[in-house]
1. What are the residues in the range 214-227 that are assigned to a helix (DSSP H, G or I) and closer than 24 Å to ASP401 by Cβ, if any?
2. Looking at (1) open to solvent by less than 50 Å² (accessible area, probe 1.4 Å); (2) more than 22 Å from THR37 (Cβ to Cβ); (3) aliphatic (A, V, I, L, M), which is the only condition ALA358 fails?
3. Of everything in the range 366-401, what is aliphatic (A, V, I, L, M) and over 24 Å from VAL65 (Cα atoms)? Give them in sequence order.
4. Which residue, of VAL128, VAL169, is of a type outside the set (S, T, N, Q) and either within 16 Å of the ligand (Cβ to nearest atom) or under 16 Å from the mean Cα position of the chain (by Cα) (or both)?
5. Take the conditions touching a His at 6+ places or on another chain (Cβ under 8 Å), within 20 Å of TYR202 (Cα to Cα) and either modelled with pLDDT of 95 or more or open to solvent by 10 Å² or more (accessible area, probe 1.4 Å) (or both) and apply them to VAL381. Does it pass?
6. Might you let me know whether the range 297-318 holds any residue that is touching a Gly at 6+ places or on another chain (Cβ under 7 Å), open to solvent by less than 30 Å² (accessible area, probe 1.4 Å) and of a type in the set (Ser, Thr, Tyr)?
7. Identify, from the list LYS252, LYS196, the residue that is within 15 Å of the ligand (Cβ to nearest atom) and among the basic types (Lys, Arg).
Amino acid sequence: MDGISRDLSVEVNGRRYRAPAQPTVVVCVDGSEPDYTTEAIRAGVMPFLEKALATGADLRADCVVPSFTNPNNLSIVTGRPPAVHGIAGNYFLNPETGREVMMNDPEFLRTGTILAAFADAGLKVAVVTAKDKLRTLLGHRMKGICFSAEKADKASIAENGIDDLLAFVDRPLPSVYSADLSEFVFAAGVRLLETKRPDIMYLSTTDYIQHKHAPGTPVANAFYAMIDRHLAAMDRLGAVVALTADHGMNAKFGPDGAPQVIYLQTVLDAMLGEGATRVILPITDPYVVHHGALGSFATAYLPAGADAAAVAARLSALPGMELVLDGDAAARRFELPRERIGDLVAVSERNWVLGTRADRHDLSGLDAPLRSHGGISEQRVPLMVTRAVTGLDGRRLRNFDIFDVALNHLAGAA
Ligand SMILES: [Zn+2]
(Lines give C-alpha, C1' and ligand atoms only; values in the text may rest on other atoms or scores of the structure.)
Protein backbone atom coordinates (compact mmCIF):
# COMPACT_ATOMS: atom_id res chain seq x y z
CA MET A 1 0.00 0.00 0.00
CA ASP A 2 2.70 2.46 -1.02
CA GLY A 3 1.65 5.95 -0.02
CA ILE A 4 -1.77 4.82 1.22
CA SER A 5 -2.75 5.84 4.70
CA ARG A 6 -3.40 3.04 7.16
CA ASP A 7 -6.40 5.04 8.31
CA LEU A 8 -8.04 4.90 4.91
CA SER A 9 -11.54 3.55 4.74
CA VAL A 10 -14.31 3.47 2.16
CA GLU A 11 -18.06 3.55 2.56
CA VAL A 12 -20.00 1.21 0.33
CA ASN A 13 -23.77 0.71 0.39
CA GLY A 14 -24.09 2.10 3.91
CA ARG A 15 -21.17 0.31 5.55
CA ARG A 16 -17.64 1.53 6.17
CA TYR A 17 -14.69 -0.77 5.44
CA ARG A 18 -11.15 -0.14 6.71
CA ALA A 19 -8.23 -0.63 4.37
CA PRO A 20 -6.24 -3.68 5.49
CA ALA A 21 -2.82 -3.43 7.09
CA GLN A 22 -1.72 -6.52 5.14
CA PRO A 23 -2.93 -8.20 1.93
CA THR A 24 -6.39 -9.62 2.53
CA VAL A 25 -7.74 -12.45 0.41
CA VAL A 26 -11.45 -13.25 0.45
CA VAL A 27 -12.19 -16.65 -1.04
CA CYS A 28 -15.65 -17.77 -2.12
CA VAL A 29 -15.51 -21.54 -2.44
CA ASP A 30 -18.51 -22.27 -4.66
CA GLY A 31 -20.96 -24.77 -3.15
CA SER A 32 -18.88 -25.31 -0.02
CA GLU A 33 -21.38 -26.87 2.36
CA PRO A 34 -19.77 -26.63 5.84
CA ASP A 35 -19.29 -30.40 5.96
CA TYR A 36 -16.71 -30.26 3.15
CA THR A 37 -14.10 -28.51 5.28
CA THR A 38 -15.20 -30.30 8.46
CA GLU A 39 -14.75 -33.72 6.82
CA ALA A 40 -11.50 -32.76 5.07
CA ILE A 41 -10.04 -31.54 8.36
CA ARG A 42 -11.22 -34.72 10.10
CA ALA A 43 -9.47 -36.74 7.39
CA GLY A 44 -6.28 -34.78 8.03
CA VAL A 45 -6.03 -33.34 4.52
CA MET A 46 -6.37 -29.65 5.47
CA PRO A 47 -3.54 -29.26 8.02
CA PHE A 48 -3.10 -25.55 7.34
CA LEU A 49 -6.76 -24.67 7.80
CA GLU A 50 -7.04 -26.89 10.87
CA LYS A 51 -4.19 -25.05 12.55
CA ALA A 52 -5.36 -21.61 11.37
CA LEU A 53 -8.87 -22.15 12.73
CA ALA A 54 -7.51 -23.13 16.15
CA THR A 55 -6.54 -19.48 16.65
CA GLY A 56 -8.60 -17.84 13.90
CA ALA A 57 -12.34 -17.59 13.34
CA ASP A 58 -14.36 -20.72 12.55
CA LEU A 59 -17.85 -19.29 12.07
CA ARG A 60 -21.01 -20.11 10.14
CA ALA A 61 -23.12 -17.70 8.15
CA ASP A 62 -26.32 -17.66 6.11
CA CYS A 63 -26.16 -17.05 2.40
CA VAL A 64 -28.76 -15.33 0.27
CA VAL A 65 -31.82 -17.30 -0.87
CA PRO A 66 -32.05 -18.18 -3.74
CA SER A 67 -28.85 -19.98 -2.78
CA PHE A 68 -27.33 -19.59 -6.23
CA THR A 69 -23.95 -18.40 -7.43
CA ASN A 70 -24.54 -14.95 -8.91
CA PRO A 71 -26.84 -13.41 -6.25
CA ASN A 72 -24.44 -14.53 -3.53
CA ASN A 73 -21.21 -13.47 -5.21
CA LEU A 74 -22.71 -10.04 -5.81
CA SER A 75 -23.92 -9.85 -2.22
CA ILE A 76 -20.42 -10.70 -1.00
CA VAL A 77 -18.74 -7.95 -3.03
CA THR A 78 -21.42 -5.32 -2.35
CA GLY A 79 -22.02 -6.28 1.30
CA ARG A 80 -25.78 -6.20 0.77
CA PRO A 81 -28.71 -8.50 -0.20
CA PRO A 82 -30.15 -8.71 -3.75
CA ALA A 83 -32.88 -6.14 -2.95
CA VAL A 84 -30.03 -3.62 -2.96
CA HIS A 85 -27.73 -4.85 -5.75
CA GLY A 86 -30.47 -6.21 -8.00
CA ILE A 87 -28.99 -9.60 -9.00
CA ALA A 88 -31.69 -12.03 -7.89
CA GLY A 89 -30.65 -15.09 -9.90
CA ASN A 90 -28.53 -16.31 -12.76
CA TYR A 91 -31.54 -15.98 -15.03
CA PHE A 92 -34.83 -14.07 -14.93
CA LEU A 93 -37.82 -12.71 -16.78
CA ASN A 94 -36.96 -9.11 -17.60
CA PRO A 95 -40.17 -7.17 -16.91
CA GLU A 96 -39.02 -4.40 -19.24
CA THR A 97 -38.77 -6.68 -22.28
CA GLY A 98 -40.89 -9.70 -21.32
CA ARG A 99 -37.95 -11.90 -22.28
CA GLU A 100 -36.13 -14.53 -20.24
CA VAL A 101 -32.47 -13.58 -20.09
CA MET A 102 -29.28 -14.22 -18.17
CA MET A 103 -28.73 -11.75 -15.36
CA ASN A 104 -24.96 -11.57 -15.83
CA ASP A 105 -24.86 -8.22 -17.59
CA PRO A 106 -23.65 -5.30 -15.43
CA GLU A 107 -26.66 -3.28 -16.64
CA PHE A 108 -28.67 -5.25 -14.06
CA LEU A 109 -26.31 -4.31 -11.21
CA ARG A 110 -27.66 -1.40 -9.17
CA THR A 111 -24.83 -0.61 -6.75
CA GLY A 112 -21.08 -0.28 -6.59
CA THR A 113 -18.81 -2.91 -5.08
CA ILE A 114 -16.40 -2.85 -2.15
CA LEU A 115 -13.69 -3.88 -4.62
CA ALA A 116 -14.24 -0.93 -6.96
CA ALA A 117 -14.40 1.50 -4.02
CA PHE A 118 -11.02 0.38 -2.68
CA ALA A 119 -9.52 0.51 -6.16
CA ASP A 120 -10.82 4.07 -6.55
CA ALA A 121 -9.23 4.92 -3.20
CA GLY A 122 -5.85 3.83 -4.58
CA LEU A 123 -5.51 0.29 -3.26
CA LYS A 124 -4.33 -2.55 -5.47
CA VAL A 125 -7.29 -4.86 -6.08
CA ALA A 126 -7.38 -8.18 -7.94
CA VAL A 127 -10.28 -10.50 -8.77
CA VAL A 128 -10.03 -14.02 -10.15
CA THR A 129 -13.12 -16.06 -11.00
CA ALA A 130 -13.45 -19.59 -12.32
CA LYS A 131 -16.19 -18.97 -14.86
CA ASP A 132 -16.23 -15.95 -17.09
CA LYS A 133 -19.96 -15.33 -16.43
CA LEU A 134 -19.11 -13.70 -13.10
CA ARG A 135 -16.12 -11.68 -14.19
CA THR A 136 -17.89 -8.68 -15.70
CA LEU A 137 -20.26 -8.36 -12.73
CA LEU A 138 -17.55 -8.67 -10.08
CA GLY A 139 -15.17 -6.36 -11.91
CA HIS A 140 -17.79 -3.76 -12.75
CA ARG A 141 -16.22 -0.29 -12.82
CA MET A 142 -13.17 -1.64 -10.97
CA LYS A 143 -9.63 -0.51 -11.74
CA GLY A 144 -7.17 -3.32 -11.34
CA ILE A 145 -6.76 -6.95 -12.29
CA CYS A 146 -9.86 -9.00 -13.06
CA PHE A 147 -9.94 -12.20 -15.08
CA SER A 148 -11.49 -15.66 -15.25
CA ALA A 149 -9.68 -18.99 -15.37
CA GLU A 150 -12.07 -20.05 -18.12
CA LYS A 151 -10.78 -17.35 -20.49
CA ALA A 152 -7.28 -16.96 -19.07
CA ASP A 153 -5.81 -17.42 -22.56
CA LYS A 154 -7.71 -14.38 -23.81
CA ALA A 155 -6.75 -11.95 -21.02
CA SER A 156 -5.41 -8.58 -22.10
CA ILE A 157 -4.01 -5.55 -20.31
CA ALA A 158 -6.83 -3.40 -21.67
CA GLU A 159 -9.67 -5.70 -20.61
CA ASN A 160 -8.23 -7.55 -17.59
CA GLY A 161 -5.28 -5.50 -16.33
CA ILE A 162 -2.95 -8.45 -17.00
CA ASP A 163 -2.00 -10.67 -19.93
CA ASP A 164 0.05 -13.75 -20.80
CA LEU A 165 -1.69 -15.54 -17.94
CA LEU A 166 -0.94 -19.14 -18.84
CA ALA A 167 2.78 -18.38 -18.55
CA PHE A 168 2.20 -16.24 -15.44
CA VAL A 169 0.32 -19.00 -13.62
CA ASP A 170 2.39 -21.71 -15.33
CA ARG A 171 -0.63 -23.94 -15.95
CA PRO A 172 -2.48 -24.94 -19.13
CA LEU A 173 -5.91 -23.51 -19.85
CA PRO A 174 -8.36 -25.58 -17.73
CA SER A 175 -11.58 -27.16 -18.99
CA VAL A 176 -14.73 -25.36 -17.80
CA TYR A 177 -16.03 -28.66 -16.38
CA SER A 178 -13.12 -29.60 -14.15
CA ALA A 179 -11.52 -29.24 -10.75
CA ASP A 180 -8.60 -27.64 -12.62
CA LEU A 181 -10.72 -24.56 -13.25
CA SER A 182 -10.79 -23.83 -9.50
CA GLU A 183 -7.16 -24.86 -9.00
CA PHE A 184 -6.19 -22.29 -11.63
CA VAL A 185 -7.97 -19.62 -9.57
CA PHE A 186 -5.98 -20.48 -6.44
CA ALA A 187 -2.68 -20.83 -8.29
CA ALA A 188 -3.26 -17.44 -9.91
CA GLY A 189 -4.03 -15.95 -6.51
CA VAL A 190 -0.74 -17.20 -5.09
CA ARG A 191 1.21 -15.88 -8.09
CA LEU A 192 -0.50 -12.49 -7.80
CA LEU A 193 0.48 -12.27 -4.12
CA GLU A 194 4.07 -13.23 -4.97
CA THR A 195 4.47 -10.75 -7.80
CA LYS A 196 1.96 -7.89 -7.54
CA ARG A 197 0.93 -8.07 -3.90
CA PRO A 198 -2.62 -6.76 -4.17
CA ASP A 199 -3.98 -5.17 -0.99
CA ILE A 200 -7.33 -6.85 -1.54
CA MET A 201 -8.00 -9.93 -3.60
CA TYR A 202 -11.27 -11.78 -4.26
CA LEU A 203 -11.12 -15.38 -5.51
CA SER A 204 -14.27 -17.22 -6.62
CA THR A 205 -14.21 -20.88 -7.64
CA THR A 206 -16.70 -23.25 -9.30
CA ASP A 207 -18.82 -25.98 -7.70
CA TYR A 208 -18.10 -28.65 -10.30
CA ILE A 209 -16.68 -30.99 -7.63
CA GLN A 210 -19.39 -30.27 -5.04
CA HIS A 211 -22.16 -31.05 -7.56
CA LYS A 212 -20.74 -34.57 -7.99
CA HIS A 213 -19.01 -35.50 -4.77
CA ALA A 214 -20.37 -35.46 -1.22
CA PRO A 215 -18.34 -34.15 1.75
CA GLY A 216 -15.70 -36.57 2.98
CA THR A 217 -15.52 -38.60 -0.24
CA PRO A 218 -12.06 -39.16 -1.75
CA VAL A 219 -12.49 -36.72 -4.66
CA ALA A 220 -13.93 -34.01 -2.42
CA ASN A 221 -11.12 -34.43 0.11
CA ALA A 222 -8.50 -34.26 -2.66
CA PHE A 223 -10.07 -31.00 -3.85
CA TYR A 224 -9.97 -29.50 -0.35
CA ALA A 225 -6.38 -30.71 0.14
CA MET A 226 -5.54 -28.70 -3.01
CA ILE A 227 -7.30 -25.66 -1.52
CA ASP A 228 -5.39 -26.08 1.75
CA ARG A 229 -2.01 -26.04 0.00
CA HIS A 230 -2.87 -22.77 -1.69
CA LEU A 231 -4.29 -21.17 1.46
CA ALA A 232 -1.05 -22.11 3.25
CA ALA A 233 0.98 -20.48 0.47
CA MET A 234 -1.06 -17.27 0.77
CA ASP A 235 -0.54 -17.29 4.52
CA ARG A 236 3.23 -17.71 4.07
CA LEU A 237 3.14 -14.68 1.79
CA GLY A 238 1.70 -12.64 4.66
CA ALA A 239 -1.95 -12.53 3.65
CA VAL A 240 -4.98 -12.70 5.91
CA VAL A 241 -7.29 -15.24 4.30
CA ALA A 242 -11.08 -15.22 4.79
CA LEU A 243 -13.16 -18.04 3.36
CA THR A 244 -16.86 -18.39 2.76
CA ALA A 245 -19.21 -19.94 0.20
CA ASP A 246 -21.89 -18.65 -2.12
CA HIS A 247 -24.20 -21.50 -1.03
CA GLY A 248 -24.20 -25.05 0.32
CA MET A 249 -25.00 -28.24 -1.57
CA ASN A 250 -27.22 -31.24 -0.87
CA ALA A 251 -28.12 -34.61 -2.38
CA LYS A 252 -31.30 -34.23 -4.43
CA PHE A 253 -32.10 -37.87 -5.11
CA GLY A 254 -34.17 -40.60 -3.55
CA PRO A 255 -33.27 -44.09 -2.31
CA ASP A 256 -33.15 -45.36 -5.91
CA GLY A 257 -30.62 -42.71 -6.92
CA ALA A 258 -33.08 -40.91 -9.21
CA PRO A 259 -33.54 -37.13 -8.84
CA GLN A 260 -36.53 -36.09 -6.71
CA VAL A 261 -38.13 -33.42 -8.89
CA ILE A 262 -41.33 -31.40 -8.66
CA TYR A 263 -42.07 -30.34 -12.24
CA LEU A 264 -43.78 -27.09 -11.37
CA GLN A 265 -44.86 -26.07 -14.88
CA THR A 266 -46.61 -29.41 -15.29
CA VAL A 267 -48.39 -28.92 -11.96
CA LEU A 268 -49.46 -25.34 -12.80
CA ASP A 269 -50.58 -26.32 -16.32
CA ALA A 270 -52.88 -28.92 -14.76
CA MET A 271 -54.10 -26.45 -12.16
CA LEU A 272 -54.63 -23.28 -14.24
CA GLY A 273 -54.44 -24.39 -17.85
CA GLU A 274 -51.68 -24.95 -20.39
CA GLY A 275 -49.79 -21.73 -21.16
CA ALA A 276 -51.53 -19.74 -18.41
CA THR A 277 -48.49 -19.59 -16.15
CA ARG A 278 -44.76 -19.26 -16.63
CA VAL A 279 -42.21 -20.95 -14.38
CA ILE A 280 -38.70 -19.47 -14.28
CA LEU A 281 -35.75 -21.36 -12.84
CA PRO A 282 -33.10 -18.84 -11.79
CA ILE A 283 -30.43 -21.60 -11.65
CA THR A 284 -30.47 -21.72 -15.45
CA ASP A 285 -27.15 -20.79 -17.01
CA PRO A 286 -25.05 -21.89 -19.97
CA TYR A 287 -23.29 -24.51 -17.85
CA VAL A 288 -26.03 -26.92 -16.79
CA VAL A 289 -24.45 -30.29 -17.60
CA HIS A 290 -23.74 -31.10 -13.94
CA HIS A 291 -27.18 -30.20 -12.56
CA GLY A 292 -29.57 -30.26 -15.53
CA ALA A 293 -30.90 -26.80 -14.49
CA LEU A 294 -32.52 -28.40 -11.45
CA GLY A 295 -32.31 -26.43 -8.20
CA SER A 296 -34.46 -25.90 -5.12
CA PHE A 297 -35.84 -22.47 -5.98
CA ALA A 298 -38.32 -21.41 -8.65
CA THR A 299 -40.53 -18.46 -9.36
CA ALA A 300 -43.77 -18.40 -11.35
CA TYR A 301 -45.86 -15.80 -13.13
CA LEU A 302 -49.64 -16.20 -12.87
CA PRO A 303 -52.39 -14.87 -15.11
CA ALA A 304 -53.92 -11.51 -14.14
CA GLY A 305 -56.56 -11.99 -11.47
CA ALA A 306 -55.26 -15.37 -10.29
CA ASP A 307 -55.50 -15.94 -6.53
CA ALA A 308 -51.79 -16.23 -5.70
CA ALA A 309 -52.45 -17.14 -2.07
CA ALA A 310 -54.74 -20.00 -3.06
CA VAL A 311 -52.27 -21.33 -5.64
CA ALA A 312 -49.45 -21.03 -3.09
CA ALA A 313 -51.47 -23.01 -0.55
CA ARG A 314 -52.08 -25.83 -3.02
CA LEU A 315 -48.44 -25.96 -4.13
CA SER A 316 -47.28 -25.98 -0.50
CA ALA A 317 -49.04 -29.31 -0.02
CA LEU A 318 -47.00 -31.07 -2.71
CA PRO A 319 -44.62 -33.75 -1.42
CA GLY A 320 -41.09 -32.33 -1.31
CA MET A 321 -42.19 -28.68 -1.19
CA GLU A 322 -40.78 -26.68 1.73
CA LEU A 323 -42.35 -23.27 1.20
CA VAL A 324 -44.40 -21.31 -1.33
CA LEU A 325 -44.85 -17.56 -0.89
CA ASP A 326 -46.49 -14.87 -2.95
CA GLY A 327 -44.08 -12.42 -4.59
CA ASP A 328 -44.44 -9.67 -1.99
CA ALA A 329 -43.83 -12.02 0.92
CA ALA A 330 -40.87 -13.66 -0.82
CA ALA A 331 -39.28 -10.29 -1.62
CA ARG A 332 -39.60 -9.30 2.05
CA ARG A 333 -38.41 -12.55 3.54
CA PHE A 334 -35.45 -13.11 1.20
CA GLU A 335 -34.62 -9.42 0.58
CA LEU A 336 -35.11 -9.71 -3.18
CA PRO A 337 -35.92 -7.05 -5.80
CA ARG A 338 -39.70 -7.46 -6.11
CA GLU A 339 -39.86 -6.65 -9.83
CA ARG A 340 -37.32 -9.35 -10.67
CA ILE A 341 -39.31 -12.25 -9.21
CA GLY A 342 -42.73 -13.54 -10.20
CA ASP A 343 -46.10 -13.79 -8.45
CA LEU A 344 -45.02 -16.89 -6.55
CA VAL A 345 -41.74 -18.18 -5.13
CA ALA A 346 -41.38 -21.90 -4.46
CA VAL A 347 -38.63 -23.53 -2.40
CA SER A 348 -38.26 -27.31 -2.28
CA GLU A 349 -37.07 -29.44 0.63
CA ARG A 350 -33.49 -30.49 1.29
CA ASN A 351 -33.50 -33.55 -0.97
CA TRP A 352 -35.85 -32.23 -3.68
CA VAL A 353 -35.51 -29.92 -6.67
CA LEU A 354 -37.89 -27.93 -8.84
CA GLY A 355 -38.11 -28.21 -12.61
CA THR A 356 -40.41 -26.92 -15.33
CA ARG A 357 -41.50 -29.98 -17.34
CA ALA A 358 -39.71 -33.31 -17.61
CA ASP A 359 -39.14 -32.87 -21.35
CA ARG A 360 -37.33 -29.55 -20.81
CA HIS A 361 -34.57 -30.95 -18.61
CA ASP A 362 -31.74 -32.83 -20.22
CA LEU A 363 -30.43 -35.14 -17.51
CA SER A 364 -28.29 -37.20 -19.89
CA GLY A 365 -25.17 -35.29 -18.78
CA LEU A 366 -25.62 -36.32 -15.14
CA ASP A 367 -23.00 -38.98 -14.55
CA ALA A 368 -23.54 -39.01 -10.77
CA PRO A 369 -26.70 -38.83 -8.63
CA LEU A 370 -27.98 -35.25 -8.56
CA ARG A 371 -26.59 -32.82 -6.01
CA SER A 372 -27.75 -29.23 -6.17
CA HIS A 373 -28.77 -26.08 -4.29
CA GLY A 374 -31.03 -23.04 -4.42
CA GLY A 375 -33.15 -23.54 -1.32
CA ILE A 376 -33.19 -22.62 2.35
CA SER A 377 -31.59 -26.00 3.07
CA GLU A 378 -28.39 -24.78 1.36
CA GLN A 379 -28.25 -21.51 3.26
CA ARG A 380 -25.64 -22.46 5.87
CA VAL A 381 -22.07 -21.78 4.80
CA PRO A 382 -18.68 -21.42 6.50
CA LEU A 383 -17.24 -18.03 7.39
CA MET A 384 -13.63 -18.55 8.35
CA VAL A 385 -10.71 -16.20 8.88
CA THR A 386 -7.10 -17.21 9.45
CA ARG A 387 -6.84 -14.61 12.23
CA ALA A 388 -8.92 -14.12 15.35
CA VAL A 389 -11.84 -11.72 15.05
CA THR A 390 -13.62 -9.65 17.65
CA GLY A 391 -16.66 -7.45 18.19
CA LEU A 392 -19.26 -9.47 16.29
CA ASP A 393 -21.40 -9.73 19.43
CA GLY A 394 -23.20 -12.88 18.43
CA ARG A 395 -25.08 -11.24 15.57
CA ARG A 396 -26.55 -13.35 12.74
CA LEU A 397 -23.75 -13.45 10.20
CA ARG A 398 -24.35 -13.48 6.47
CA ASN A 399 -21.80 -14.59 3.91
CA PHE A 400 -21.90 -11.01 2.62
CA ASP A 401 -20.51 -9.82 5.97
CA ILE A 402 -17.16 -11.38 5.13
CA PHE A 403 -15.43 -8.16 4.01
CA ASP A 404 -16.76 -6.48 7.16
CA VAL A 405 -15.42 -9.31 9.34
CA ALA A 406 -12.03 -9.53 7.61
CA LEU A 407 -11.43 -5.77 7.38
CA ASN A 408 -13.21 -4.31 10.42
CA HIS A 409 -13.10 -7.04 13.04
CA LEU A 410 -9.57 -8.48 13.17
CA ALA A 411 -8.52 -8.87 16.79
CA GLY A 412 -5.57 -6.69 17.68
CA ALA A 413 -5.96 -4.45 14.63
CA ALA A 414 -5.58 -0.75 15.43
ZN1 LIG B 1 -22.38 -21.52 -6.79
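The values are calculated or read from the model by the stated rules, or taken from the named source; none is laboratory data. Keep in mind that this is a model prediction, so the values were computed, not measured. Cβ placement follows ideal geometry from the backbone for every residue including glycine, while neighbour counts extend to all protein chains displayed. What goes into the accessible areas is simple: the full protein's heavy atoms, side chains included, and nothing from ligands, DNA or RNA. Shrake-Rupley method; radii C 1.70, N 1.55, O 1.52, S 1.80 Å.
1. First pass over the range 214-227, keeping only residues assigned to a helix (DSSP H, G or I): 218-227.
Across the range 214-227, the qualifying residues are TYR224, ILE227.
2. The single condition ALA358 does not satisfy is (1).
3. The initial filter retains those residues of the range 366-401 that are aliphatic (A, V, I, L, M), namely 366, 368, 370, 376, 381, 383-385, 388-389, 392, 397.
Residues satisfying the conditions are LEU366, ALA368, ALA388, VAL389.
4. Details: VAL169 fails: either within 16 Å of the ligand (Cβ to nearest atom) or under 16 Å from the mean Cα position of the chain (by Cα) (or both).
One residue alone meets the criteria, VAL128.
5. Values: touching a His at 6+ places or on another chain (Cβ under 8 Å): yes; within 20 Å of TYR202 (Cα to Cα): yes; either modelled with pLDDT of 95 or more or open to solvent by 10 Å² or more (accessible area, probe 1.4 Å) (or both): yes.
Against the criterion (touching a His at 6+ places or on another chain (Cβ under 8 Å), within 20 Å of TYR202 (Cα to Cα) and either modelled with pLDDT of 95 or more or open to solvent by 10 Å² or more (accessible area, probe 1.4 Å) (or both)), VAL381 qualifies.
6. Scanning the range 297-318, I find at least one residue that is touching a Gly at 6+ places or on another chain (Cβ under 7 Å), open to solvent by less than 30 Å² (accessible area, probe 1.4 Å) and of a type in the set (Ser, Thr, Tyr), so the answer is yes.
7. Values: LYS196 fails: within 15 Å of the ligand (Cβ to nearest atom).
Testing whether each residue is within 15 Å of the ligand (Cβ to nearest atom) and among the basic types (Lys, Arg) leaves just LYS252.
A quick yes/no check of all residues on (1) in contact with a Ser or Thr (Cβ under 8 Å, 6 or more places away or on another chain); (2) within 29 Å of SER178 (Cα to Cα); (3) part of a strand (DSSP E or B):
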| site | (1), (2), (3) |
| --- | --- |
| ALA83 | no, no, no |
| ALA88 | no, yes, no |
| THR97 | no, no, no |
| GLU107 | no, no, no |
| LEU134 | yes, yes, no |
